[in-house]
Each structure stands twice: as C-alpha cells, then as structure tokens.
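For reference, the structure is listed below as structure tokens.
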Amino acid sequence: MPLRITRRSLIAGAAGALAAPAIRADEPIRLRASLDTAPSHGRNIAIGDYLKKVEQASGGRIKTELFHSGQLFPDLDVGKALIQGQVEMACPGGWAITGIIPNADLFQLPALYGQTLDVTHKVIDGRAGAIVAGNIADRLRAHVLGPWLDLGYQNWYTTGRKLETVADLRGMKIRNSGGAGQAWRTRFFGAIPQTTAWPNVPLALSQGVFDGLVSTDESLASAKLWEAGVKYSLADHNFVGDYIPMISLAFWNKLPADDRAMMTELWNKNIPAYRTAMAARQTEARQLLQQHGVTFVDPTPEQLAATRKTMLPHSAEVAKEIKVAPDILALVDEDAGVAG
C-alpha cells in the first residue's frame with residue numbers, strides 16, 4: 001500500500017514531538033559561546049571562567065565550548081546567530097547591537113559623560129538596563145544572564161597635540177568605533193569624527209589619516225599604539241563600554257529550572273570579581289602606556305561636571321539621533337543625578 005500522509009497524522013506527529021522531553025537526560029547539553037576577541041582579552045578570560053564553573057556545577061550535564069577571535073561569528077553578527085539557534089551564548093558590546101537594539105546605545109547620552117563606574121552600574125543594573133534586557137528578549141530572542149561586564153572607560157588619545165581640555169580637540173580628526181552617539185560627541189567638541197576598522201588604526205595613525213581616537217587604555221596597550229605615534233591622552237571617561245551576557249532563548253527555555261537558577265546564580269556571584277579584574281587590566285594598561293611615553297591629563301570631577309553641564313541641554317537631541325527611547329533617557333538622567 002502506498003504511504004498516505006494525512007493532516008491528522010501530521011498533527012499527531014507534531015503533538016508527539018512537543019510532548020517529548022526538551023533535552024534527553026542521558027545526553028550532555030551543548031553550550032557554545034561566541035566572542036570575537038582574542039583568548040588573552042579580559043572578556044574571554046571572564047566568560048571562559050564562567051563556562052568552566054557552569055560545567056563543573058552541572059556535573060558535566062552542560063558541556064561548554066568557547067570560540068574565540070570570531071571563529072564562529074563577529075559580535076556584529078552574533079545577534080542574528082542567537083535568533084537562528086546557531087550559537088547558545090554571546091557577550092557582545094552594547095555598541096555592536098545598536099542596529100537592532102537602539103536603547104543599548106544609552107552610554108552615549110550626555111548624562112553619562114565623565115561619570116564613574118558606580119554611576120554607570122546604577123544605570124545598567126537598574127531600570128534602564130532592565131528595559132534593554134526586555135528589548136533583547138523581544139528582538140534577539142535571548143535572555144540577559146545578569147549584570148553586564150565592563151570593558152572600561154573610553155578616553156581621547158592623540159599623536160601630535162597635547163590635550164589639556166576638550167577644547168583642544170577642536171579641528172582634529174578623531175577616529176571612533178562607530179555609532180551616531182560617538183560621532184555627535186566628537187562634533188560637539190569641534191572635532192571631525194571618522195570611523196575606521198580597528199585593524200586599520202595603527203597604519204592610519206602613523207600616516208596621519210586622523211589625529212587621534214576614542215578608545216580604552218587596554219585597547220591601545222594591546223595594539224602598542226605608541227609605535228603608531230600616540231603620545232597624549234585626555235582621560236575624561238567620556239563613556240563606559242559594557243558587554244552584555246546573553247543566552248539564546250531557544251536554549252534557555254529548554255533547560256530545567258534548576259539549571260537556569262544555577263547559571264544565574266553563578267553569574268551574579270562572579271560578576272563583581274569579573275568587573276574588578278577588567279578594571280585592573282585597564283589600570284595596568286595605563287601604566288604600560290606611560291612607560292612608553294604616553295602623557296595623561298586627568299580632568300577633575302568638577303571639570304567633568306562642568307563639561308557635562310554644557311552637554312545636557314542637548315540630551316533630547318542626542319537621544320533622538322541615536323534612537324534611544326524617551327523613557328530610557330528619563331531613567332538615565334534620574335539615576336545619573338542630572339534630572340531637572
């Protein structure tokens with residue numbers, strides 16, 4: 001007899017599939033994590049440590065794999081990979097997902113210029129961060145594991161002109177990593193924003209394509225940018241970069257409740273140490289830059305507050321340009337202590 005596939009048999013088959021256990025008890029659960037930075041990067045070290053702890057705490061039920069250096073996906077593409085189930089975990093920088101999650105660009109709002117890590121943490125660990133996590137669940141189909149991982153303070157660095165204040169940036173060509181917020185801030189201080197891929201930065205600096213850049217001490221030290229001519233830094237902490245740890249909902253929702261609780265607890269327990277380690281790496285990187293002749297100028301808190309005050313009247317303009325929602329803007333202003 002020919003095999004007949006009826007609508008009833010298809011429905012019965014689908015129901016049977018839905019009724020099957022989400023994950024077989026006798027099989028290890030595979031958790032692949034994708035990062036596009038090198039194994040020596042602080043983010044990789046933190047995520048690698050976390051994955052080992054998950055594997056140990058699960059008694060081997062969860063088998064983790066960490067893929068470095070963009071072996072699976074660059075951060076710019078990892079959001080789509082999470083949606084499509086091609087990877088289970090990622091920890092992209094907020095700036096890498098702003099095309100899908102505009103609210104993740106909240107670091108560029110004037111209220112966070114020159115602020116301390118404590119203030120930034122109040123924002124991202126609080127109500128504004130919770131809204132971003134909701135956006136990520138809705139649009140990336142991913143669960144934010146817990147508090148975000150700091151990259152560190154972003155500062156100005158130049159080759160030929162010493163920076164005493166932001167006024168010294170006027171007329172300079174400044175490289176940034178992209179995004180409307182960074183470009184707006186550069187223009188606000190009278191400089192000319194340029195976006196250049198990181199691998200091309202050393203040669204572009206040495207050839208004078210631009211006069212300086214926005215980055216972190218660790219990024220400059222790892223690339224030995226003193227060899228490309230960097231001599232000065234204005235360490236105004238013009239924003240903080242943060243990585244957002246996220247798990248594919250397709251994976252997360254298959255886990256038993258006790259495994260989800262275990263993974264959440266491990267992240268929350270260890271994130272303070274991970275943040276401390278990232279800050280220490282930035283401190284060590286600054287010392288290395290100074291050893292290679294880079295001169296730093298550190299504005300006082302009063303100077304930073306005065307500069308921030310000049311930017312605040314433009315907050316709504318910036319939020320609109322970078323597509324950050326008005327409710328996020330209001331929460332950031334409140335938590336940063338600048339709400340009127």
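Laboratory data are not the source of any read-out in this text; all were calculated from the coordinates shown. Just so we're clear, the structure is a prediction, and the values are computed from it rather than from any experiment. Every residue, glycine among them, receives a Cβ derived from its backbone with ideal geometry; neighbour counts consider all protein chains shown.
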Quiz item: Taking the chain as a Gaussian network, where each spring joins two C-alpha atoms under 10 Å apart, which residue of ILE322, ILE174, ILE83 fluctuates the most?
Solution: ILE83
Quiz item: With axes computed from alpha carbons, what is the tilt in degrees of helix 7-19 against the longest principal axis of the chain, rounded to the nearest 10 within 0 to 90?
Solution: 60
Quiz item: Once the Cα atoms of helix 257-291 and of the chain are each reduced to a long axis, what angle between those two axes, in degrees from 0 to 90 to the nearest 10, is obtained?
Solution: 20
Practice problem: Multiply the residue gap between ALA330 and ASP49 by 0.36 nm, knock off their C-alpha separation, and tell me the result in nm, one decimal place. | Solution: 97.6 nm
Self-check item: With Cα atoms, 0 to 90° folded angle of helix 326-335 axis to the chain main axis
Solution: 60
Quiz item: In nm, to one decimal, how far is the HIS292 label point from the ALA316 one, both placed 7 Å along Cα→Cβ?
Solution: 4.6
Exercise. Give the residues of region 138-158 whose amide nitrogen is closer than 17 Å to a point set 7 Å from the Cα of ALA277 in the direction of its Cβ.
Key: 146-152
Exercise. Before anything else, pin down the relative contact order of the chain: Cα pairs under 8 Å, at least 6 apart, normalised by residue count, whole percent.
Key: 24
Practice problem: For LYS224 and ALA57, calculate 0.36 nm times their separation in residues minus their Cα-Cα distance, and state this gained length in nm to one decimal. | Solution: 56.2 nm
Practice problem: Could you work out how far apart the two model spin labels at LYS323 and THR300 are, taking each label as a point 7 Å from the Cα in the direction of the beta carbon, and quote it in nm? | Solution: 4.2
Practice problem: Compute the distance in nm between two label points, each set 7 Å from the Cα along the Cα-to-Cβ direction, one at ASP118 and one at ARG170. | Solution: 3.5
Self-check item: Over 20 Å (Cα to Cα) - which of LYS173/LYS231; LYS173/LYS320; LYS122/LYS269 fall in this group
Solution: LYS173/LYS320
